[in-house]
Amino acid sequence: GCKQLINANNWRTVDMVTTQDAEYWAYTANDVIARNIYTGGMHQGVNNGWQILPGHYYSDVSLIREPHRLPTNVKQPAGHPFILTEVLWCPPNLYQSEAALMIAAQQSLTEFGAACWFCNWVAEWEQSPHTKWTYSTPVQIGQFPAAALIYRKGLLKAGEPVVVEQRSLQNLWDRKTPLISEEPGWDPNRDKDHIPLNSSIKTVLDPLAYLVGPVRVIYGGDPAKSTAVDLAKYIDRDGKVIRSITGEIETDYGRGLFRINAPQAQAVAGFLKDAGSQHLADVEITCGNSYASIAVVALDDKPIRESERLLVQAGTLCRPTGWTVVPTRARIDSKQSDCFRILSVGKPPLQVEDLDAALTIANPRLSKATLLDINGMATSTPVDITRTEEKTTVQLPANTIYLVLQ
């Protein structure tokens, strides 16, 4: 017969707080635990489940500012690999170039098994401006190379579990409140009724713990043996900053910045113009774009400061030609909120916002910059590069998506 792993998946349980653990327990009859999780802003209108049309209403949301909604915020049952069988920053949400970088970083931190992006209908860029379910754009699949290197080569450290919750099966059947939930709207200050009396942790844990490190759950265990690190050391609610237990990832959801700072991979994504120059361990990034993601990854398994071959990857904003919207207000989650109404979805080709950025890298070995095209092929475009005894500075061309320094 077929020799393969099997995963179970029921899309969504009836109550994410009180029955999700029972759902996962049922999945453990198979090999792999999985969920499908999509994210993005509000999108309302006729056929909004599969199309983007004139007259639709939508909002733009960056998950850097709303990290409690990250698809990787999941409890991983001990003894089973966990995968996202479908994930997407759903169009027409504007802020997409953060997606691959954030998923790769959180996968690395939490030892997440895999993330499968949904979906890619054609072997080229998505041409129809009406298509909702696609990642075939320069700001989603176009941002995969650096993210794939980070995850597949293990350039970020995995963290020690920050929460290990043990749950008795009777607590699952009684729908006792867990110590931590995957529900994005879950409030640790209010959703704390019915915690098992014998739990070693008497308060519900901060749902931002998922960005600090791995969250594990043991079914059929002893609640008195549940453990959690002091999350206050890593989550600054007043300053709106989350730091990973490894010290390599920082989510500043107040200013809208996601930073990666590891020896072979350094990156920043978010609202860069307002934030000013970003000083990472070996890379300084200055960007005039209101929103962008910029990553520097070593291609030769050396630290960035010693590397002789670096990939620079950049993503900005992207829309179809002729895309037209007007600001308005609409009812979202039972209240009137700011959003946009689509006047025209436009037409091909996709228009990518020019990049306005410069890098200074603490590595004097670099002397050549090669701009690559969208297919990763070298171009003859001249690139301004200057060197000192200790650093190399490069002004990135406006059409940069990939560039190699060597």
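General remarks:
- With respect to the stated conditions, N289 fails to be buried (at least 17 other Cβ atoms within 10 Å of the Cβ) and either without any contact (Cβ under 8 Å) to a residue 24 or more places away in the chain or among the basic types (K, R) (or both).
- Just one residue in the set L109, L155, L149 is touching a Ser or Thr at 6+ places or on another chain (Cβ under 9 Å), among the aliphatic types (A, V, I, L, M), modelled with pLDDT of 95 or more and closer than 15 Å to Q313 by Cβ; that residue is L155.
Yes or no, residue by residue, for (1) among the β-branched types (V, I, T); (2) assigned to a loop (DSSP other than H, G, I, E, B); (3) surrounded by fewer than 15 Cβ atoms within 10 Å (Cβ to Cβ):
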| position | (1), (2), (3) |
| --- | --- |
| V14 | yes, yes, yes |
| Y24 | no, no, no |
| I33 | yes, no, no |
| Y38 | no, no, yes |
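- L343 fulfils the conditions (1) assigned to a loop (DSSP other than H, G, I, E, B); (2) farther than 30 Å from V297 by Cα except for a single criterion, (1).
- Within segment 210-267, being under 15 Å from S108 (Cα atoms) and without any contact (Cβ under 8 Å) to a residue 24 or more places away in the chain holds for G247, E250, R259, N261.
- Residue match in segment 109-121 (condition: acidic (D, E) and under 21 Å from P71 (Cα atoms)): yes
- Subset of segment 40-72 that is under 30 Å from R237 (Cβ atoms) and polar (S, T, N, Q) - its residue that is surrounded by the fewest Cβ atoms within 10 Å (Cβ to Cβ): S59
- Restricting segment 204-251 to residues that are charged (D, E, K, R), touching a helix residue (DSSP H, G or I) at 6+ places or on another chain (Cβ under 9 Å) and in a loop (DSSP other than H, G, I, E, B), the residue that is modelled with the highest pLDDT: E248
- For segment 359-370, the criterion of a residue being closer than 27 Å to T321 by Cα, of a type outside the set (D, E, K, R) and part of a strand (DSSP E or B) is satisfied by no position.
- Scanning segment 367-389 for residues that are out of contact with any Lys or Arg (no Cβ under 7 Å at 6 or more places or on another chain) and within 17 Å of K302 (Cβ to Cβ) turns up just one, K368.
- So G45, is it at positive phi and modelled with pLDDT of 95 or more: no
- Among residues of segment 62-96, those that are touching a Cys at 6+ places or on another chain (Cβ under 8 Å) and either touching a residue at least 60 places away in the same chain (Cβ under 8 Å) or not hydrophobic (A, V, I, L, M, F, W, C) (or both), counted: 4
The values are calculated or read from the model by the stated rules, or taken from the named source; none is laboratory data. Remember, predicted model here, so these are calculated numbers, not experimental data. Glycine also receives a Cβ, built like all others from the backbone with ideal geometry; neighbour counts cover every protein chain displayed.
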